[in-house]
Amino acid sequence: MRMRAIIWGAILSVAALGVAIAAPRATLLLAQGAEEPVPAFHNEAPYGQLPQTLAPSEFSGVVIQNAYILAARVKKVLYQQPCYCHCDRSQGHKSLLDCFASKHGAGCGVCMLEAIYSYEQSRKGKTAAEIRTGIERGEWQHVDMTKYQSPVAAK
């Protein structure tokens, strides 16, 4: 009986120690903010020449072609936008523009939605900073992609 009490005492002590260690760490993480950090982007318009987006003809899907067409029209805006697929971590991208200077944008719904959102908002007169705020709020998730299932008009 005494041995059982010692074992239970040891188990409870270890459990209490685990809670004492884990609770402050969890509180620290919550205090730092439950929001994830904003992915990489550039705060200002570029000073030099921007990379070219890939040619839409490299892709077979109309929606993908449209995303690349529209991305090419707002390169300076995309340069100043984060990409919430977190390709800054996985691909080393520095902004949403990098997704369309490579084939990455063609295979990523997040990139396409954000690029089309950026295009639509820039056509409404929004600044790159205002568009970025919308992207950070997740407004890009509400883009009506049915409008892009047919080829967009040539500029």
Cα Rg, Dmax (largest Cα-Cα span) when computed across segment 61-105, Å: 10.1, 28
Based solely on C-alpha atoms, express the radius of gyration and the Dmax of segment 73-155 in angstrom. 12.0, 34
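Values quoted throughout were computed directly from the atomic coordinates according to the rules given, and no laboratory measurement underlies them. A quick note: this is a predicted structure, and the numbers were derived from the prediction, not measured.
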